[in-house]
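Novice: The structure under discussion is supplied below as structure tokens; questions concerning it will follow.
Each reported figure results from applying straightforward, stated rules to the coordinates on display, with no laboratory input. Only a predicted model underlies this, so the values are computations on that prediction, with no experimental measurement involved. Here the Cβ is made from the backbone with ideal geometry for all residues, glycine too, and neighbour counts use every protein chain on show.
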Amino acid sequence: MFEQVKLDYNYYDLEPYIDTLTMETHYGKHHASYTKNFNEAVEKAGLFGKTVEEILSTLNNIPDVDLRTSLQNNGGGYYNHNLYFSIMGPKKDTKASSILEEAIKRDFGSFENLIETLQSLALGQFGSGWAFLSVDKNGKLYATKSPNQDNPFMEEGAHTPILCIDVWEHAYYLKYKNLRGDYIKNFLSILDWEKVSENYKNVIDSK
Ligand code: MN
């Protein structure tokens, strides 16, 4: 059984950047439902015992189109939200580790450039979707956006995301209405770079 990531903060801890009702609905309803539907699809497809990463990077092996779509949408939704909720937190002014900072400078020129790139991808995603910072098989960082619940594991090469920004309206509409840019800016204030740095280290160590 796949389970939702446990939060190490309370729903209200991210106020005023992310409001309590959005957290309750997003984690307690949307993410819960992706998780439930993903578990059902995994059972139907006989994929029990596989990791979510394995499932998302081998979707083309599923011949049944409806089942494949369900695994893509719900598996992506399950994975993306686990990452999203695990990199948020109430700590202020967290910093990237020195190895992540060096990698950011190497691949984006500067930390500010990375932030601008992520903001512009997240703002530019037409309709529902995500922006990601990922690590490729050579350890290089790169940023992408994707529609719906798609993620970098579904791309050629199955890259590993270490940071994501949810730009589905359910992530911000209750508080920010149509102002996606304000939400993105505020999301970046509660993004915990220590957690992103841990994710980066885990990917690099596993290579
Ligand atoms: Mn969401």
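Novice: Counting other beta carbons within 10 Å of each residue's own, what order do Tyr11, Tyr78, Tyr183 fall into, fewest first?
Specialist: Lowest count first: Tyr11, Tyr183, Tyr78.
Novice: When only C-alpha pairs under 8 Å and at least 6 residues apart count, what is the relative contact order of the chain, in percent?
Specialist: Normalised by residue count, the contact order of the chain is 25 percent.
Novice: Less than 12 Å Cβ to Cβ from Ile87, Lys/Arg counted +1 and Asp/Glu -1: what total charge do the surrounding residues give?
Specialist: The answer is -3.
Novice: Once you've got the Cα coordinates, tell me which of Lys36/Lys137; Lys44/Lys195; Lys36/Lys201; Lys145/Lys195 are over 27 Å apart.
Specialist: Lys36/Lys137; Lys44/Lys195; Lys36/Lys201
Novice: Using Cα-Cα distances under 8 Å and only pairs 6 or more residues apart, what relative contact order does the range 18-86 have, in percent?
Specialist: Normalised by residue count, the contact order of the range 18-86 is 42 percent.
Novice: Also, quick follow-up: Rounded to the nearest 500 deg cm²/dmol, what is the calculated helix-only ellipticity per residue at 222 nm for the chain, with -39500 (n - 2.57) per DSSP H run of length n ≥ 4?
Specialist: Working: 10 runs with 95 residues, N = 207.
My calculation for the chain gives -13000 deg cm²/dmol from helical runs alone.
Novice: Also: Can you sort Thr51, Thr160 from fewest to most other Cβ atoms within 10 Å of each residue's own Cβ?
Specialist: Thr51, Thr160
Novice: How are the Cα pair distances of the chain distributed, in percent, across 10 Å bins from 0?
Specialist: For the chain, the binned pair fractions read 9, 35, 38, 17, 2 percent.
Novice: Here's a follow-up. Among Ile99, Ile18, rank each residue by its count of other Cβ atoms within 10 Å, from fewest to most, as a rough exposure measure.
Specialist: Numbers: Ile99 12, Ile18 24.
The order, fewest Cβ neighbours first, is Ile99, Ile18.
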